[in-house]
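Chemist: Next up is a structure, given as structure tokens.
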Amino acid sequence: MTVNVRKAAWLLGLVPLGWLAVKAGLWGLGANPIEFIIRFLGDWALRFLLLCLCVTPLLRWLPRLAPARRTLGLLCFCFAASHILLYLGLERFFDLEELWKDIVKRRYITVGMLVFLMLVPLAVTSTNRWVKRLGFPGWKKLHRLVWLIGFLACLHFAMMVKFYAYAEPLFYAGFLLVLLGMRFRAKDRIMPGH
Amino acid sequence: MLIQNRRELSAADVTPKSLWLDRRRFLGMAAGVAFAPAAGGRFGLNEAQTARKDATSYNNFLELGESKEAPAENAHRFNPRPWTVKLGGETAKPLTQDIEALLKAFALEERVYRLRCVEAWSMVIPWIGFPLADLLKKAEPTSRAKFVEFVSLHDSARLPGQRNPLYPWPYREGLRIDEAMHPLTLLAVGMYGDLLPGQNGAPIRLVVPWKYGFKSIKSVVAINLVETQPKTTWGSMQPGEYGFYSNVNPAVDHPRWSQKKERRIGEILKRDTLPFNGYAEQVAQMYAGMDLRTNY
């Protein structure tokens, strides 16, 4: 059963990619397909992060979902990594000097890079072996970074759009706040019993 | 040569009759004019033209929606008739002209220009139009006319994007008088051998090829000759990001992104952006002695 949930979660990762392929084949990706793909990957990295954070509150009713959490987190990392790779290759041509200027000068790039740098240790320590090595409390502490990552990702999104398009990043940030609020409420309930 | 893009549907199948009658007349007229050839000639350009489909489906025209695709999707709601253009302000002979009369009043030419968007993408578009100077001269600007202000149509029934309260509608732009009188500055009424589609600023728009695209105001209804530098829409909303001059300049970055390179629509890798969008030879002398970093 565990295996199936995990497999299903990985398959979920193929859904946006499949949709991208269908759209490309049937309707095309518009006049600026590179920009479209880079933004598409960024959008889905953030969406998988939010989906991943939905798992914990759902465990009360659907405990079998637990293994999906790690997979969804890794999917977020995979989409974020492809988002950045395409940006590096097709927007900055792997020109490190230009890239460094971008990171220092453009705040939304600075924030985006920071988000990715914080995602790396979470992806690396996602294995059972790393949970053991860090000890569960230590591992958990490290992985609380995910909240900072989530809010900074929304900020990165909001900073790059034109000012009339704040609705989508604000929606994600609001969603994230609700999920965070649920964690605090859950803690209040559980703590006295511990 | 002009009707390059044959379609399976005729214009009559999708367009109101009054419009396609106009179009027919327009094409008839256009065919009678000896257009400058697409390559070579005074305003020719030896660069591949952007696919018509891309130039008419990837647009910034907030009046018809906020995404790049929305203007083309909503263009059917925008009927560019009836239409009049008012020319006034510091002129001896202010005039108000119906679009039909305007289309007949000037010799139309094809001009293939680069279009460089401030968002770091670019296209090569064959416009059809006439020099703005031809129209301005008719109104006889007075010596007090130092700038030209342009105003777009303000009608949220036809341009539903104007219901968005975040913007100070209507869209406004401006040029210095010498920029407005420059032979490269065009009032376009068509592109790709056809009338301007709604999403590209029907029925008449400005094209200033050495400036970022937002200077080339769409769907113009008023042109005013004025003494002081007019307020522009983006300039008043985000003065730090969009200056009055907004000449294409790879050496001056937009605060949020580099202007050194651009993605030519249809290409994968970016290419270098040229000073004044490649028109330095024709226009740079107008800015001699000006600091283009402060006058961005």
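All of the numbers you see were taken from the coordinates with simple rules; none came from a lab. What you see is a predicted model; the values in this text were computed from it and never measured. In this analysis, Cβ positions are derived from the backbone assuming ideal geometry, glycine residues included, and neighbour counts consider all displayed protein chains.
Chemist: Hey, what do the phi angles of the range B:89-96 turn into as Karplus ³J(HN,Hα) couplings, whole Hz, using 6.51/-1.76/1.60 and θ = phi - 60°, x for Gly and Pro?
Modeler: Values per residue, Gly and Pro as x: x, 6, 9, 6, 10, x, 9, 10 Hz.
Chemist: Which order do the peptides A:148-154, B:162-168 take when ranked by the mean count of other beta-carbon atoms within 10 Å per residue, highest first?
Modeler: Result, highest mean first: A:148-154, B:162-168.
Chemist: For a quick check: with amide H placed at 1.01 Å from N, whose amide H comes under 5 Å from residue B:222's, ignoring anything fewer than 5 positions away on the same chain?
Modeler: The answer is B:86, B:151.
Chemist: Excluding residues fewer than 8 places away in the same chain, name every one of the lysines whose C-alpha is closer than 25 Å to that of residue B:86.
Modeler: Residue B:86 reaches B:104, B:137, B:138, B:146, B:211, B:215, B:218, B:231.
Chemist: Take every residue in peptide B:278-289, count the Cβ atoms of other chains within 10 Å of its Cβ, and give the average of those counts.
Modeler: Across the residues of B:278-289, the mean count of other-chain Cβ atoms within 10 Å is 0.
Chemist: Volume per residue, Å³, of the convex hull around the alpha-carbon atoms of the range B:17-287?
Modeler: Once divided by residue count, the hull of the range B:17-287 is 125 Å³.
Chemist: What area, in nm² and to one decimal, does the C-alpha convex hull of the range B:48-105 cast on average over all directions?
Modeler: Its Cα hull, projected and averaged over all orientations, spans 6.5 nm².
Chemist: For the protein assembly as shown, with only Lys/Arg (+1) and Asp/Glu (-1) charged at the beta-carbon, what is the dipole magnitude about the Cα centre, in debye rounded to 20?
Modeler: 2320
Chemist: Mind checking A:21-32 for the average number of partner chain beta-carbons within 10 Å of each residue's beta-carbon?
Modeler: Whole-number average of other-chain Cβ neighbours for A:21-32 is 3.
Chemist: May I ask what percent, to the nearest 5, of DSSP beta bridges between residues of the protein assembly as shown are antiparallel?
Modeler: Once the DSSP bridges in the protein assembly as shown are tallied, antiparallel ones form about 85 percent.
Chemist: Exactly which trypsin sites (Lys or Arg not before Pro) in the range A:36-84 are in a DSSP loop and have at most 15 other Cβ atoms within 10 Å?
Modeler: For trypsin sites (Lys or Arg not before Pro) across the range A:36-84 that sit outside H, G, I, E and B with at most 15 neighbouring Cβ atoms in 10 Å, the list reads A:60.
Chemist: Moving on to the next point. Please give the Cα centre distance for the range B:159-231 versus the range B:65-102, rounded to the nearest Å.
Modeler: 9
Chemist: Further question: Take the Cα pairs of the range B:146-296, get the Kirkwood Rh, then feed it into Stokes-Einstein at 10 °C and 1.306 mPa s and tell me D in µm²/s.
Modeler: This corresponds to a translational diffusion coefficient of 96 µm²/s.
Chemist: Pick out which of A:146, A:55, A:161 has the largest mean-square fluctuation in a Gaussian network model of chain A, springs linking Cα atoms closer than 10 Å.
Modeler: Judging by the Gaussian network model, the answer is A:161.
Chemist: Evaluate E = 1/(1 + (r/R0)^6) for residue A:140 and residue A:101, where r is the Cβ-Cβ distance and R0 equals 25 Å; express this FRET efficiency to the nearest 0.05.
Modeler: 0.10
Chemist: Do the sum for the protein assembly as shown: with -39,500 (n - 2.57) for every DSSP H run of n ≥ 4, divided by all residues, what is the mean residue ellipticity at 222 nm, to the nearest 500 deg cm²/dmol?
Modeler: That comes out to -13500 deg cm²/dmol.
Chemist: Related question: Along its principal axes, what span do the Cα atoms of the protein assembly as shown show, with the longest given first and each in whole Å?
Modeler: Result for the protein assembly as shown: principal-axis Cα extents of 88, 54, 41 Å.
Chemist: Here is a follow-up. Over the C-alpha atoms of the range B:125-232, what are the Rg and the largest Cα-to-Cα span, Dmax, in Å?
Modeler: Using the Cα atoms of the range B:125-232, the pair Rg, Dmax is 13.8, 39 Å.
Chemist: Moving on to the next point. If you stretched the chain out fully between residue B:229 and residue B:166, how much longer would it get, using 0.36 nm times the residue separation minus the C-alpha to C-alpha distance?
Modeler: Net length gain for the segment: 20.3 nm.
Chemist: So which trypsin sites (Lys or Arg not before Pro) in the range A:85-194 are both in a DSSP loop and have at most 15 other Cβ atoms within 10 Å of their Cβ?
Modeler: A:144, A:162
Chemist: Please compute the average number of Cβ atoms from other chains found within 10 Å of each residue's Cβ in peptide B:254-261.
Modeler: 4
Chemist: After finding the eigenvalues of the alpha carbon gyration tensor for the range A:16-130, what semi-axes result from the square roots of 5 times each, listed largest first in whole Å?
Modeler: Here the semi-axes work out to 28, 21, 11 Å.
Chemist: Thinking of the range A:2-193 as a set of Cα atoms, what percent of all their pairs are more than 29 Å apart?
Modeler: When all Cα pairs of the range A:2-193 are counted, 27 percent exceed 29 Å.
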